[in-house]
Amino acid sequence: MFRVVSAQRVLLIAMPLLAFIPRSWIAAHMLYGSDQPVFDIGFGFGGYIRELLQSGTFRSCSFLPFQPCHPGICTSSTRMPFLPLLLAGLAAVVGTKSLFVALARCGVAVVLSTGFLAFLTVDVELTWFGVALVYALYFGPQALKHGATLDYEEGLFIDLSLCLAIAICYLLRPDLTQSAWRRAFMALAAVALSVIMYLTKTTALLMLLVVLLLVMTRGVGRPVKLACLLIVALPVGAWLAHNLRSSGVATASSSWNGENLFRGYNNESYELYPQIHLDRIFDSRLAILDDGRSVALGAHKSDRCFNDEWTWNQTYGQMARRWLVDHPGTALAFAARKLWVTLFEVRHTPVYDSATDKRVDGARFLRVLMLVWMVIARLPFFLLLAFVYRDLRAGRNPSYGWAALLLAAGCAPYVLVFSYERHVIPILQMAAVMLAVLYFRKTPGLSRSDRKLPAFHGGAI
C-alpha cells in the first residue's frame with residue numbers, strides 16, 4: 001500500500017528546484033554576461049580558480065588585495081579554501097564562463113537542500129504556517145539574488161544554513177525520528193556542514209565550536225563523536241598545513257582577517273557605516289554623507305606596499321587593535337551601531353557603493369519590496385528567540401537554548417567587526433527553518449520501517 005504524501009511535504013522537497021528557476025534568471029540576466037570568465041569574479045576568488053585550473057596549486061597571482069612592493073608576489077591564504085575549490089571543480093566540468101559555473105553551483109545547492117528536505121519530510125510534517133515560513137525566507141528577493149552569486153560566500157551559505165538548521169533540529173529533538181542511523185547521520189552532517197562553512201568563511205568559527213560542543217553533549221554514541229572530531233580535525237588540519245607549507249605561518253585562518261578587522265575599527269569607517277561601503281576607505285579620498293558632511297578618507301591601499309600577505313594581515317590587525325585601545329568610547333558607539341545593523345536594520349546595507357554618488361541600484365518598486373521582505377525576514381529570528389525564552393522559563397525543552405546560542409554565534413562576528421545585509425540573511429534563514437521544525441510541525445511522520453524501532457532516550461533533551 002502506498003503512503004499518501006501530503007502537499008506540505010511535496011512543497012518542501014520541491015522548494016530548491018523551484019528556486020533554481022529565478023536564481024538561474026538572476027545569474028543570466030543580472031549578474032553574469034554570457035562571456036564573462038569565472039576568473040573575473042570579485043573578492044579575489046577568480047585568481048585562485050585560475051591557478052587551480054592552470055597549475056593545480058592553491059594560490060592567487062593575478063589579483064592581490066594589497067599593493068605589492070615588487071612584482072611576482074602571490075597569495076595563498078587570502079581566501080578560505082572551500083569555495084575556490086568548489087568553483088574550480090565546477091569550472092573544470094562545465095567550462096570557465098561565469099554563467100555556466102553559477103548555474104552549476106546553483107545545481108549543487110538544489111541537490112544538497114533537496115536531500116536534506118527530503119530527509120526531513122520522512123520524519124516530520126510541517127504545518128502550512130511552517131512551510132510558509134521556510135518559503136518566505138528562501139524566496140525573498142535578496143535570498144534569491146545572493147543564492148545565485150559566485151562573488152561572495154553567502155551565495156553558498158543560503159543553502160548550507162538551511163541544511164545545518166535541519167541537522168541541528170535532529171540534535172535538539174532526537175525524538176523527531178526513531179531511526180538511530182538517521183540521528184547519527186544528522187550529527188555527522190551538522191559537524192560536516194559547520195566545517196564547510198568555516199572553510200568557506202572564518203566568521204563561521206564560533207558556529208562550528210557551538211555545533212561541535214552540542215554534538216558532544218548528545219547521546220549519539222562514542223563512535224559518532226569520534227567521527228565528528230575527525231571531520232573537524234582532518235580538513236582544518238590540512239588547511240593549517242597548507243598555510244605552514246606555503247608561508248610558514250601556523251594558522252587555520254585567512255590572511256584577509258586583518259584588513260577586515262581594520263574595516264570595523266577606525267575613524268573613517270565609523271563615519272561611513274552603514275551608509276557607504278567600507279571598501280571606499282581603501283580606494284577613495286573623500287566621501288559625502290546623506291547629511292551633506294564630507295569625510296576625508298585615506299585611500300589606504302595606496303599608502304604602503306607589502307612584501308607578503310601575512311605582513312599585510314598583521315599590519316592592519318595591529319592598526320585596528322591600536323585604534324580600539326585609543327578610542328574606547330567611539331568603539332563602543334560603533335559596536336552599538338553594528339549591533340543595530342546586524343539585528344534590526346531593514347534597509348539594504350551598505351546603502352551606497354560609491355563614496356560620493358548617491359544613486360542606488362534597482363527600481364523603486366524593487367527597493368520597497370526588498371525592505372518589506374527584510375521586515376518579514378527579521379520576524380522568525382525574534383519569534384524563535386521569544387519561544388525559546390518562554391520554554392526555558394517554563395522548564396520545557398531545555399535543549400532549545402542551543403538554538404539561541406547558535407544564532408548568537410552566527411551574529412557575534414558581525415557585531416564585533418561589521419555586517420552588511422547579505423551577511424545576516426543566512427542566519428535569518430537558519431532561524432526560520434529551526435522555528436518551523438521545532439514549533440510548527442505536526443506529529444512526526446515516521447516511515448513504516450522506523451515505527452518498529454525503539455524510542456531514543458540517550459543524551460540531554
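The values are calculated or read from the model by the stated rules, or taken from the named source; none is laboratory data. For clarity, every value in this text was computed on a predicted model and none was experimentally measured. Don't worry about glycine lacking a Cβ; one is built from the backbone with ideal geometry, like all the others, and counts go over all protein chains shown.
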Worksheet item: Taking the range 407-437 as the search range and keeping residues that are among the small types (Gly, Ala, Ser) and assigned to a helix (DSSP H, G or I), which one is farthest from Asn397 (Cα to Cα)?
Response: Ala412
Worksheet item: From the list Phe440, Phe418, which one is under 23 Å from Leu117 (Cβ atoms) and touching a residue at least 12 places away in the same chain (Cβ under 8 Å)?
Response: Phe440
Item to complete: Please work out if Val388 is at pLDDT 95 or above and out of contact with any Leu (no Cβ under 7 Å at 6 or more places or on another chain).
Response: yes
Practice prompt. Quickly run through the range 9-45 and pick out the residues that are more than 20 Å from Tyr135 (Cα to Cα) and either among the hydroxyl-bearing types (Ser, Thr, Tyr) or in contact with a Cys (Cβ under 6 Å, 6 or more places away or on another chain) (or both).
Written response: Tyr32, Ser34
Worksheet entry | Matching entry among Ala386, Ala355 (being over 21 Å from the mean Cα position of the chain (by Cα) and free of Cβ contacts under 8 Å to residues at least 60 places away in the same chain) | Ala386
Fill in: Single condition Val134 does not satisfy, out of (1) closer than 25 Å to Tyr439 by Cα; (2) surrounded by fewer than 19 Cβ atoms within 10 Å (Cβ to Cβ)
(2)
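Table: residues versus (1) under 19 Å from Leu120 (Cα atoms); (2) touching a residue at least 40 places away in the same chain (Cβ under 8 Å).
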{"site": "Ala19", "(1), (2)": "yes, yes"}
{"site": "Arg23", "(1), (2)": "no, yes"}
{"site": "Ala28", "(1), (2)": "no, yes"}
{"site": "Tyr32", "(1), (2)": "no, yes"}
{"site": "Pro37", "(1), (2)": "no, yes"}
{"site": "Ile41", "(1), (2)": "no, yes"}
{"site": "Glu51", "(1), (2)": "no, no"}
{"site": "Ser55", "(1), (2)": "no, no"}
{"site": "Arg59", "(1), (2)": "no, yes"}
Worksheet entry | Set Ala250, Ala233, Ala287: member being more than 23 Å from the chain's Cα centre (by Cα), assigned by TED's automatic domain parsing to the domain that holds Leu171 and among the aliphatic types (A, V, I, L, M) | Ala250
Practice prompt. Taking only the range 346-360 into account, find how many residues are surrounded by fewer than 19 Cβ atoms within 10 Å (Cβ to Cβ) and either in contact with a strand residue (DSSP E or B) (Cβ under 8 Å, 6 or more places away or on another chain) or not hydrophobic (A, V, I, L, M, F, W, C) (or both).
Written response: 9
Practice prompt. Would you check which residues across the range 79-105 are touching a helix residue (DSSP H, G or I) at 6+ places or on another chain (Cβ under 7 Å), assigned to a loop (DSSP other than H, G, I, E, B) and farther than 29 Å from Leu234 by Cα and list them?
Written response: Thr96
Practice prompt. Confirm whether Ala363 is surrounded by fewer than 15 Cβ atoms within 10 Å (Cβ to Cβ) and in the same structural domain as Ser247 (by TED's automatic domain parsing).
Written response: yes
Response to the item:
Given the conditions (1) over 26 Å from Gly115 (Cβ atoms); (2) crowded, with 22+ Cβ neighbours inside 10 Å; (3) more than 19 Å from the chain's Cα centre (by Cα), every one holds for Ala187 apart from (1)
Worksheet item: Does the range 338-380 hold any residues that are among the β-branched types (Val, Ile, Thr) and assigned to a helix (DSSP H, G or I), and which are they?
Response: Val341, Thr342, Val368, Val372, Val375, Ile376
Worksheet entry | Subset of the range 93-110 (residues that are without any contact (Cβ under 8 Å) to a residue 12 or more places away in the chain and of a type in the set (Val, Ile, Thr)) | Val93, Val94
Worksheet item: In the range 436-452, is there at least one residue being more than 24 Å from Leu144 (Cα to Cα), out of contact with any Pro (no Cβ under 9 Å at 6 or more places or on another chain), among the hydroxyl-bearing types (Ser, Thr, Tyr) and at pLDDT 95 or above?
Response: yes
Worksheet item: Which ranges mark the helices (runs of 4 or more DSSP H) fully within the range 111-224 that have 3 or more residues being over 24 Å from Ser24 (Cβ atoms) and without any contact (Cβ under 8 Å) to a residue 40 or more places away in the chain?
Response: 180-198, 205-217
Worksheet, complete the sentence: Selection over the range 1-60 where residues are among the small types (Gly, Ala, Ser), part of a loop (DSSP other than H, G, I, E, B) and outside the structural domain of Val94 (by TED's automatic domain parsing) yields a count of 1
Worksheet item: Wholly within the range 234-337, which helices (runs of 4 or more DSSP H) include no fewer than the required count, namely at least 2 residues that are in contact with a strand residue (DSSP E or B) (Cβ under 8 Å, 6 or more places away or on another chain), buried (at least 19 other Cβ atoms within 10 Å of the Cβ) and in contact (Cβ under 8 Å) with a residue 60 or more places away in the chain?
Response: 309-326
Discussion item. Looking at the range 132-152, can you tell me whether even one residue there is closer than 24 Å to Pro223 by Cα and of a type in the set (Asp, Glu)?
Written reply: no
